Structures are given as structure tokens and as C-alpha cells.
Amino acid sequence: MWNYSFILPDLIILFTFIVYYFIYPRLPIKINRSFLRILVVDLSVIISDIFASLAIEHASSFSPFIIRALNVLYFVLFMLRSFTFFMFTEDVLEIKRHLKSFICIVSDIVIGIFAIFALFNLRFDLILSISDTGKYARAPFYNVIYVCAAFFLLYSFLCIVLYRKMLSRSVLISVIAFNLALIIGYIARFAFPKYLIMNLFTLLAIVIIFISFENPIMYLADKSNAFNKRGFYALFSEFDEKDSPLVLGFVINIYNELREVYGGTQMDRGITIICQYLAKKYPKILRFYLHDGRFVLVGKDNSQAEKIKNEISERFKKSWSAGKDVEIFLEPKFVQIDPNVSFKKSEKIANSVFIGLREAEKLDNVSITINRETLITIEDNILIKRCVEKAVENNSVEMFLQPLMDSRNYELVGAEALARIRDESGNIISPVKFIPIAERNGRISSLGEQMFEKACKFIHDHNIEEMGLSWINVNLSPIQFLRPDLNSRFTKILEKYNVSADLIHLEITEESMIDYALLQKQIQTMRNTGFQFVLDDYGSGYSNVSRLKHCPFVNIKLDMELVRDYEKNHDRLLPALVQTFKQMEFTITAEGVENWETVKDMANIGCDYLQGFYFSEPLPAEEFAKTYGKR
């Protein structure tokens, strides 16, 4: 007779998984429903196996039909279990289960055939036979249950091979692991039919699935009892163009500054209380906390968006208790989806909500609506991001040079190296678009270093003295400027091309001056190597003249907006500012010089160098060499 020693622990653990499944918040996504299906079917298989086995052992107490029916039920569930594990593999691979999916059609047909074949055993002895005395025996087609299991396991591995490039390494290992556990289980059952050991290996597969994909903590934000960013994108990946859900996000205005004012502990407590308020006020709406004071509500009825937004706004007019005698006051800024937006590309909408929450703090508006134009912008940014990554990886960032002219004689004296990247059609992408993207995705340092090397190579390959060039300006992003190894990396490039550091002027913006101590240290280190520094875009940010007294810049470049404002209104501010800088022994460059009147005005107020379209637009490096090499 059968050995039941493995059954009780399996039942206890399975039951624990099911209870655990319902205790924690769960996203209504396919992979979660698929996991619950596995738990229910596996529990049903174990229970049906026990009853079918007990009925055979006590055949005298049951009619032959009852014994047959219990065993047929077990075999149907046994086959269905193989199918449910395959369906989970489908969901991990994100194979869409619809009529056009060949993989899904085949699997549905196959399980249907096997299930019908098993049900025929109620009338015919195909898989098992039950005598009139209730004696159980295997029928000629008993091994069809292993054929069914083998089919779905092989089918799973075929799908894994086809979709492997879409999976991360950890996901690939996990999905292979739980399918291997099932293979070992079926082999063990085939080799030791008297031991109910198969369930032990299906339980092992369930444990692997839980650890890898189903631990609810992976989808929950810390201490907030709301879903996190991972859960947010997982939910949106399952929306389609027929859906029109409520999507309303809000961000706490100046969150990082308030965190410094109130303290981290109080702000964390405040976030928890806000999440509790949302859970109590909107129990049927999914709540997400995406960190840094960013919340998103997702529901079924988007017609409620305005009502919910007004209710939340009213609540934020009151304080939030963050502990004993601690009240914090917060202001929300909202991001919502236009009801007319199609969810055909739901991942793009999820990105737009996340980006909208990030940008909302920078805008004066208290509410941002994401519409079709917004989605087009997001899509364009994704394409630009790909172009940036491709250009950096292939070292195909192009160097253009724009001349800097001496204001006394309008002769070439220097040039600024400007990065240019092309799209897939070969058209130049505006640096206004790709530079911020390169900064956000971490490519700006590599891009800047490539530009520095291309400038060194240009100096090495050309007679710059013949052109009249005394130096080339190369831009440093604030992120790149923070690198502690910047000097050593640049020095190696100088040595590679045998170029003197004084031929390179490094441009930094006022944004780089936020950490003044680091600024001084980095500049001094690189000045010891021979580099000269230029302050770029003066007047575009928070300008502090007094701090410049202690900064060893050789040149200050006036932002083109300052120049244009002066052309509109010839006030005394800019001339006085230029004279102040001259007294501090800085040379001055006017950017954005586009006509002869501006050229004369900038020269008259004391600017040393002029840069702009009046003299030349940025030129490809070799075209620049040909143009100015003849002079």
C-alpha cells in the first residue's frame, strides 16, 4: 500500500502559503493569480490523491464507481497541475494569453485532449481499471499522465529558449529551477510509485516560485503598506488599449527640503499616515508609494479623478501628525491621465506618470495632465536615450567646434567643443534634448570624457597655431566634475596624445559651485596639472559675485539671455557687471552674439571674446579645420 509520510508536511506548508497569500496586500496581476491557481490545484491534487488511495485500500467500503471516480478526478487534477505550472511560466515570460497566441492555443488544445482522455476512464479502462470487487490496476495507457507532464515541461523549456533574451539572469535561473524541480518530481514518482513523493517536489517548485516572484514584500514600499515602484510597473504592464483606469498621482512639494526641515523620522511617519489615510478613504483603489514623496492611486473608474483630487487637496490643507506634539504641513502637486489617452502602450504611460511626478515639483502648476502630446514627448525621449547609449558605447559622439573671436580685431582666438549625437535617420539631436537625458541615465561622464579625448586628438592632428587657436574649451557636467579620479583620467588622455593641459580650458556651470569646498579642491588639483577653468552660462542660475573672488577662473562666459536682455534694454547692470569682473581680473566672453549691433555693444561694454552665430554656427571638427586652417 501507499506511504503517506510525506503528505502531512506538504499539506501544512501549502495551507500556510495560501493563508500568507491572503494576509498581505496583493496586486491584481496575472502572475499573482497564476500562483494562487497553482496553490489551489496542488492542494486539490494532494487531497484527491489521499482520498483515491484510501478508497483503493478500503475497497470493500466503497462502490467500484466511487473508487473509479475518485481516481479519475485525481488524474484530471494531476494533468491540470502540469498545465498550471506551464501557465505560470507563460506569465513570467509575459506571453499574452489571447486568441492570436499560437503558444496559448496549442497548450489549451493539449490540456483539453488530455483532460477528456482522463474523463473517458469513467466508462473505459484506459488509464486505470477497477474490478467489480474494487481492485485497482493500471490500464494500458496509464503512462499518458507522464506524457502530459513531459509535454508541458518540454513546452515550458521551449518557451524559455524562445524568450530568454527578454529575461534577466536571475529570472531565467528561477524559472529554469522550478521547472527542473518538477522534472525530478515526475521521475521520482515514476521510479517509486508506492511513495506519494511527487508532492514534495511540486512543493519545492512552489517555494522557488515564492522566493523568486511571489514574496509580497518585493512589491510593498517600506513602512507605508502601499505598493512600490516595481508593483506600479507590473500593474501597468497588463493594461491594454481597452482599459480606461483611474490614474491619479501626487507629489509632496519640495519634499527633500521639508525632509531636512522636519527630519527623516517625522517625514517617514508622515508618509505612513498619508498612506493610512488613503487606505481608509479609498479602500477599493490601489495605492502606490514611489519614494521621495510620490504617490499614485489606480482604480477602475477614471470619472472619479477630479473628485478624489479635490478631497485630497482639502485634506492637505490640514496638518499631519508625525508624533507627539509634531505637526507637519505639506502641499501636494497632482499628475493625472487624460481620459482620452489610450493605454495601448501602457508602459509608456507608466513612465510618463513617474516622470510627471518628478517634474511636477519644478513647475508652478499644482496639477499636470498627461495627454497625447506628453506621451509623444516621452516616446521621443526614449528614442533619444537609445541614441545616447548607442553613441557612447560605439564612441560615435561627434565633436563640433564653434569659434570664439577676439572682440578687438574679430580674429579667431579659441573654440568651444560641442557634443553632437545623431538619431537613427542621421539627423542631429539637439543638445538641449540629449544632455539632460545623458545626465539622468548616467552616460554624461562617458560622453564628456569622449569629448575631451576628441579635443586632444584634434589638437594632436592639426596645426592649431596656424588656425589662430590658443585653446579649446571642453564642457564638464556637474556630475562629471564630482569624480575624484577626473584629473588622473584626463592626464592619461593628455599623455596619450602628447598635448599640453594649458591648451584645454574646462567649462563648468554655476550648478557645479553648489559644493564650494569640493569646487576649490577639484579646481586646485587640476590647475596643478595645468588645466584652466572657465565659468559657463553666468546669469542662468543663482549668481553670486562675491564667491567668484576666490575662484581661479580665467574666463567668465555671460549667458546668452543676459546678452539678449541687454540688447532689449540698454541698462547699466550688464556693463557694471562686466567692469566688476574685469577688476577681478577675469576675461569675459559674450555668448549668443547673432548680429553686428550685438557685436559692437558687447565689445563696447568690455567683453574680451565673442561667440555666436554672427561669426559661425558650430562646425564639424574637420570642417572647422578646413575653414580656419586656410586663414
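List of remarks:
- Pairwise label distance in nanometres, Phe22 with Arg483, each label 7 Å out on the Cα-Cβ vector: 5.7
- Those GluC sites (Glu not before Pro) in region 567-631 that DSSP places in a loop and that have at most 13 other beta carbons within 10 Å: Glu585
- Annotation for Ile211 and Phe65: the two label points, set 7 Å from Cα along the Cα-Cβ direction, are 4.8 nm apart.
- Cut-off under 5 Å, modelled amide H: who pairs with Leu619 long-range: Leu401, Gln402
- Here the gap between Asp301 and Asp406, fully extended at 0.36 nm per residue and compared with their Cα-Cα distance, gives a gain of 31.3 nm.
- Of the residues Ile459, Ser82, Pro140, the one whose Cα sits farthest toward the positive end of the charge dipole of the chain, with +1 on the Cβ of Lys and Arg and -1 on the Cβ of Asp and Glu, is Pro140.
- Highest mean packing comes first when the peptides 227-237, 525-535 are listed by Cβ atoms within 10 Å, giving 227-237, 525-535.
- Calculated mean residue ellipticity, 222 nm, the chain: -17000 deg cm²/dmol, from DSSP H runs (n ≥ 4) at -39500 (n - 2.57) each, averaged per residue and rounded to 500.
- The loop-placed chymotrypsin sites (Phe, Trp or Tyr not before Pro) in region 1-72, going by DSSP, that have at most 13 neighbouring Cβ atoms within 10 Å of their Cβ come out as Tyr4.
- Divide the volume of the convex hull around the Cα atoms of region 99-255 by the residue count and you get 211 Å³ per residue.
- Other-chain or far-sequence residues with amide H under 5 Å of Ile370's (modelled H): Gln336, Ile337, Asp338
- FRET efficiency estimate (nearest 0.05) - Cβ-Cβ, Leu154 to Lys284, R0 45 angstrom: 0.60
- Take the Cβ atoms of Arg358 and Leu8, set R0 to 51 Å, and the FRET efficiency comes out at 0.45.
- Between the beta carbons of Asn604 and Lys549, assuming R0 = 30 Å, the FRET efficiency works out to 0.70 to the nearest 0.05.
- Global geometry of region 189-258, whether rounded, prolate or oblate, following the gyration tensor of its Cα atoms and the 1.5 cut on a/c: oblate
- Sorted peptide list for 25-31, 557-563, criterion being average Cβ within 10 angstrom, highest first: 557-563, 25-31
- Cross-link table Lys300/Lys433; Lys223/Lys284; Lys165/Lys223; Lys390/Lys457; Lys280/Lys333, entries beyond 25 Å C-alpha to C-alpha: Lys300/Lys433; Lys165/Lys223
- Of all DSSP beta bridges in region 373-527, antiparallel share, percent nearest 5: 55
- Alpha-carbon gyration tensor eigenvalues x 5, square-rooted, for region 263-375, Å: 26, 15, 13
- For region 149-158, the Karplus equation 6.51 cos²θ - 1.76 cosθ + 1.60, evaluated at θ = phi - 60°, returns couplings of 4, 5, 4, 6, 6, 5, 5, 4, 5, 4 Hz by residue, with Gly and Pro reported as x.
- Working note: Karplus 6.51/-1.76/1.60 with θ = phi - 60° gives region 436-444 the couplings x, 5, 5, 5, 6, 9, x, 8, 5 Hz, where Gly and Pro are set to x.
- Rounded to two decimals, the Cα radius of gyration of the chain over 2.2 N^0.38 Å is 1.36.
- Length gained on full extension, Asn143 to Asn253, computed as 0.36 nm times the residue gap minus the Cα-Cα distance: 33.1 nm.
- Per-residue ³J(HN,Hα) for region 612-629, Karplus 6.51 cos²θ - 1.76 cosθ + 1.60, θ = phi - 60°, Hz, x for Gly and Pro: x, 5, 4, 8, 5, 6, x, 10, x, 3, 5, 5, 4, 5, 5, 5, 9, x
- If you wrap the Cα atoms of region 447-536 in a convex hull and average its projected area over all directions, you get 5.4 nm².
- A straight chain from Glu311 to Glu57 at 0.36 nm per residue would run longer than the Cα-Cα distance by 84.9 nm.
- Taken over region 351-489, the convex hull of the Cα atoms encloses 169 Å³ per residue.
Each value in this text was obtained by applying a stated rule to the coordinates, not by laboratory testing. Since this is a predicted model, take the numbers as computed values, not measurements. Every residue, glycine as well, gets a Cβ built from its backbone with ideal geometry; the counts of neighbours run over all protein chains shown.
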